[in-house]
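Laboratory data are not the source of any read-out in this text; all were calculated from the coordinates shown. Since the model is a prediction, treat every value here as computed from it, not as a measurement. Here the Cβ is made from the backbone with ideal geometry for all residues, glycine too, and neighbour counts use every protein chain on show.
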Amino acid sequence: MTQPITTHQRASSIASGIFLISLGILFYTNYWWPGILLALAVTIAVKDFLRGRPYDLALSVIIFGGLFIFFYFSPKWSVAVPVLFTIAGIWIIFREFFLPKKRIGEDATVDISQEVSEDEKNES
């Protein structure tokens, strides 16, 4: 995971603005399906980029971009559904074993122990 470009709140705000702009374009062009998939892809990709999540960014673009292309060229469900489930399963396994993890509570434990040692030094 890379460093985020901006805060979570700012990334969410920017992504929400992009989604509203996309909806405006869809209203204007009256190109709802599969245009909404493209709007979601751009929104989620920008949010993942701003939050420093390159793997989630790539996955979002692949899934939503693939769905857009798939629906644009008429779907064949007997092929698409197994492929999408397989891709999702591979991603979950890849993320679990190969991406760095930030464990909940590890940072908090370090901060608390540092505070306790600083308090003990101040009392002495």
Seminar exercise, completed: Given 42-53, 18-29, the highest-first ranking by average Cβ count within 10 Å works out to 42-53, 18-29
Exercise. Once both labels are modelled 7 Å past Cα along the beta-carbon direction, what's the Glu96-Thr29 spacing in nm?
Worked result: 3.9 nm
For this session: Please give, to one decimal in nm, the separation of the simple spin-label points placed at Thr7 and Phe85, each 7 Å out from Cα toward the Cβ.
Result: 4.3 nm
For this session: Take the alpha carbon gyration tensor of segment 1-67, find the square roots of its eigenvalues, order them as a ≥ b ≥ c, and report rounded if a/c is under 1.5; if not, report prolate when a/b exceeds b/c, else oblate.
Result: oblate
